[in-house]
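S.K.: Would you mind keeping the following structure in view while I ask a few things?
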Amino acid sequence: MSGARRMTKVRPGESPTERPKAAVMEDVAELAGVSAMTVSRVLNAPEKVRPETRARVLAAVRELDYRPNSAARVLVTGRSGVLGVVCFDTTLYGPASTLFGIEQAARDSDYLVSIASLPALNRSWITRGIDRLRSQSVDGVIVVAPHESAAEGLRHLPQGLPVVDVGGGTDLPVPVPVAAVDQHAGAARATRHLLSLGHRTVWHLSGPPNWIDASGRVAGWRSALEAEGREVPEPLVGDWTAHSGYEIGKRLAREPDVTAVFVANDHMAMGVLRALREAGRRVPDDVSVVGFDDVPEAAYFWPPLTTVRQNFGEVGRQAFQLLLDRIAGVEGEARRMVEPELVVRESTGVRP
């Protein structure tokens, strides 16, 4: 058979031209000069096929633009090559970037990703999301669960389904492997940076208390202050938005003793910067500000924002690898923490 695409005739009444028909496994086998079973092995267990045969089959696959039948793949290997992701509120930078990191890691290993985006992370919605993904024969599920309400949903997982949690806390009700950024370490690093510049204490604008990331950042900030024997101001609570940062920033601007503020995400920090500028408080001459996340715009705030960078790509890779281990029946480490990085820019300076 030549490398040309198979053709099929049109129905009566249609255009008299011929239309291309999708190649099947037998077409690939004929072009490569091997059996259909060998093609199947190359696609599903390539390590069992000699390199020269594998190269010939893959060349035929590319030439014919062959797309394996997913249902047949499940029958042959018991796996679909599809991973499920349950996620919540992907309008926020952190969850959206985490999802992108997972997709990148999966794509690098020729896995597809099916996403169930939920309006809430509670038991009912997580169960619905997982059931929907199971109906698509996914090999396993990653739950992006930065919210404390997700813990109850993870308590009732289907038996035999490999599941990994991203961003979960340390007190999950079931032994689910976790991949996460070390929020505690990032917040402590930001706080120590401000103390090293001579500030007597550091105020904190936190995220919502029912978010695991927010709780971890509060704990890291508090521990750094206590370790230095510094006063621990009462945290101020925002909702992750620039608007809440702006409103709380106006309150902070009225306090002359406030010289350093650690903000739990960059969008709220942007609001704080504007409130301080409107009040005539110069950054960093009068008040130093540190954010968290390192959103792409952070380097272009005025002044450019000192912040804590989260490596979401690495979180995605770690979560994906944990899931692959569980799919293969490998019991490895249960928690993989990714270290954040402090990025120092012009929004922090010595205490006035």
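The values are calculated or read from the model by the stated rules, or taken from the named source; none is laboratory data. Since this is a predicted model, take the numbers as computed values, not measurements. Here the Cβ is made from the backbone with ideal geometry for all residues, glycine too, and neighbour counts use every protein chain on show. Quick note on the areas: whole protein, heavy atoms, side chains included, nothing else; ligands and nucleic acids left out. Shrake-Rupley method; radii C 1.70, N 1.55, O 1.52, S 1.80 Å.
S.K.: Looking at (1) under 27 Å from the mean Cα position of the chain (by Cα); (2) at pLDDT 95 or above, which one does Val232 not meet, given that it meets all the others?
M.R.: That leaves (1) as the condition not met.
S.K.: Mind checking which residues of the stretch 303-320 are touching a residue at least 60 places away in the same chain (Cβ under 8 Å) and surrounded by fewer than 17 Cβ atoms within 10 Å (Cβ to Cβ)?
M.R.: Hits for the stretch 303-320 are Gly313, Glu314.
S.K.: Checking the condition in contact (Cβ under 8 Å) with a residue 40 or more places away in the chain, out of contact with any Asp or Glu (no Cβ under 6 Å at 6 or more places or on another chain) and open to solvent by 50 Å² or more (accessible area, probe 1.4 Å), which residue from Trp203, Trp240 passes?
M.R.: Numbers: Trp240 fails: open to solvent by 50 Å² or more (accessible area, probe 1.4 Å).
Within the list Trp203, Trp240, the selection yields Trp203.
S.K.: Quick test for you: out of Val272, Val261, pick the one residue that is assigned to a strand (DSSP E or B) and in contact with a Phe, Trp or Tyr (Cβ under 8 Å, 6 or more places away or on another chain).
M.R.: Going through Val272, Val261 in turn, just one is assigned to a strand (DSSP E or B) and in contact with a Phe, Trp or Tyr (Cβ under 8 Å, 6 or more places away or on another chain): Val261.
S.K.: Name the residues in the stretch 104-123 that are in a helix (DSSP H, G or I), surrounded by fewer than 18 Cβ atoms within 10 Å (Cβ to Cβ) and touching a helix residue (DSSP H, G or I) at 6+ places or on another chain (Cβ under 8 Å), would you?
M.R.: Of everything in the stretch 104-123, those that are in a helix (DSSP H, G or I), surrounded by fewer than 18 Cβ atoms within 10 Å (Cβ to Cβ) and touching a helix residue (DSSP H, G or I) at 6+ places or on another chain (Cβ under 8 Å) turn out to be Gln104, Arg123.
S.K.: Which of the residues spanning the stretch 335-350 are open to solvent by 60 Å² or more (accessible area, probe 1.4 Å) and either at pLDDT below 90 or touching a helix residue (DSSP H, G or I) at 6+ places or on another chain (Cβ under 9 Å) (or both)? It would help to see each step written out before you state the result.
M.R.: Taking the stretch 335-350 as the starting set, the residues that turn out to be open to solvent by 60 Å² or more (accessible area, probe 1.4 Å) are 335, 337, 339, 341, 344, 346, 350.
Selection gives Arg335, Met337, Glu339, Glu341, Val344.
S.K.: Give the residues of the stretch 280-293 that are open to solvent by less than 20 Å² (accessible area, probe 1.4 Å) and farther than 16 Å from Trp203 by Cα, sorted by residue number.
M.R.: Residue satisfying the conditions is Asp293 alone.
S.K.: Please determine, by comparing only the residues of the stretch 30-49 that are free of Cβ contacts under 8 Å to residues at least 12 places away in the same chain and over 37 Å from the mean Cα position of the chain (by Cα), which one is most open to solvent (accessible area, probe 1.4 Å). Working first, answer last.
M.R.: Taking the stretch 30-49 as the starting set, the residues that turn out to be free of Cβ contacts under 8 Å to residues at least 12 places away in the same chain are 35-37, 41, 46-49.
From what is left, the residues that are over 37 Å from the mean Cα position of the chain (by Cα) are 35-37.
Values: Ser35: 58, Ala36: 35, Met37: 113 Å².
So the residue we want is Met37.
S.K.: Go through the stretch 135-241 and tell me which strands (runs of 3 or more DSSP E), entirely inside it, have 1 or more residues that are of a type in the set (D, E, K, R).
M.R.: 163-166
S.K.: Okay, moving on. I need the full set of residues from the stretch 161-196 which are at pLDDT 85 or above and more than 20 Å from Gln310 (Cβ to Cβ), in order please.
M.R.: So the first thing to find is which residues in the stretch 161-196 are at pLDDT 85 or above, and the list is 161-166, 177-196.
Correct list: Leu161, Pro162, Val163, Leu195, Ser196.
S.K.: Oh, and also: Is it fair to say Thr8 is open to solvent by less than 90 Å² (accessible area, probe 1.4 Å), touching a strand residue (DSSP E or B) at 6+ places or on another chain (Cβ under 7 Å), modelled with pLDDT under 85 and more than 23 Å from Tyr111 (Cα to Cα)? Step through it out loud before you land on a result.
M.R.: Details: open to solvent by less than 90 Å² (accessible area, probe 1.4 Å): yes; touching a strand residue (DSSP E or B) at 6+ places or on another chain (Cβ under 7 Å): yes; modelled with pLDDT under 85: yes; more than 23 Å from Tyr111 (Cα to Cα): yes.
Considered against the rule, which asks whether it is open to solvent by less than 90 Å² (accessible area, probe 1.4 Å), touching a strand residue (DSSP E or B) at 6+ places or on another chain (Cβ under 7 Å), modelled with pLDDT under 85 and more than 23 Å from Tyr111 (Cα to Cα), Thr8 comes out as yes.
S.K.: (1) farther than 30 Å from Gly160 by Cα; (2) modelled with pLDDT under 85: which one isn't true of Gly78, the others all being true?
M.R.: For Gly78, the failing item is (1).
S.K.: Has the stretch 175-190 got at least one residue that is in contact with a Lys or Arg (Cβ under 9 Å, 6 or more places away or on another chain) and more than 22 Å from Phe312 (Cβ to Cβ)?
M.R.: No, the stretch 175-190 contains no residue that is in contact with a Lys or Arg (Cβ under 9 Å, 6 or more places away or on another chain) and more than 22 Å from Phe312 (Cβ to Cβ).
S.K.: Only one residue in Tyr300, Tyr246 is over 30 Å from Val138 (Cα atoms), free of Cβ contacts under 8 Å to residues at least 24 places away in the same chain, among the hydroxyl-bearing types (Ser, Thr, Tyr) and out of contact with any Pro (no Cβ under 8 Å at 6 or more places or on another chain), so which one is that?
M.R.: It is Tyr300.
S.K.: Starting from the stretch 127-154, keep only residues that are over 11 Å from Asp165 (Cα atoms), then list their pairs with residues that are crowded, with 17+ Cβ neighbours inside 10 Å and of a type in the set (Lys, Arg) whose Cβ atoms are within a distance under 9 Å, requiring at least 6 positions of separation or different chains.
M.R.: Close Cβ pairs satisfying both conditions: Gly140/Arg326.
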